[in-house]
1. For the stretch 64-74, just list the computed ³J(HN,Hα) in residue order, Karplus coefficients 6.51, -1.76 and 1.60, θ = phi - 60°, integers in Hz, with x standing in for Gly and Pro.
2. Which order do peptides 48-56, 60-68, 36-44, 24-32 fall in by mean Cβ count within 10 Å, highest first?
3. What are the ³J(HN,Hα) couplings of the stretch 39-46, residue after residue, when phi is run through the Karplus curve with 6.51, -1.76, 1.60 and θ = phi - 60°? Round to Hz, x for glycine and proline.
Amino acid sequence: MKAIACLLALGCNIDLAQAETAEHYHYGMQLDIARIVSQTLPQGCDVGEARLVYLDSQGERHTLIYQRIGENCNG
């Protein structure tokens, strides 16, 4: 049981380390997205920061930060 907890803790640390090396999207940026791992969207109707975690065609994990309108905007 301790081994599982240790592995889970290490997995969380890896995710946090990768999140620290996130890239900010700029217009015209070439993206190689093979599979989306997770996506976090801003709330409400204001423009906010969204975060996309994805795997490229080589299997490397990337985190991309970009601006978009919130997902709960009904107007």
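Just so it is clear, none of the values below were taken in a lab; they were calculated from the coordinates. None of these values were measured; they are calculated from a predicted model. In this analysis, Cβ positions are derived from the backbone assuming ideal geometry, glycine residues included, and neighbour counts consider all displayed protein chains.
1. Once rounded to whole Hz, the list reads 10, 10, 8, 9, 7, 6, x, 7, 9, 8, 9.
2. On the way: 48-56: 15.8, 60-68: 14.0, 36-44: 12.0, 24-32: 8.6.
Top to bottom by mean Cβ count within 10 Å: 48-56, 60-68, 36-44, 24-32.
3. So the Karplus estimates, Gly and Pro as x, are 9, 10, 10, x, 9, x, 9, 7 Hz.
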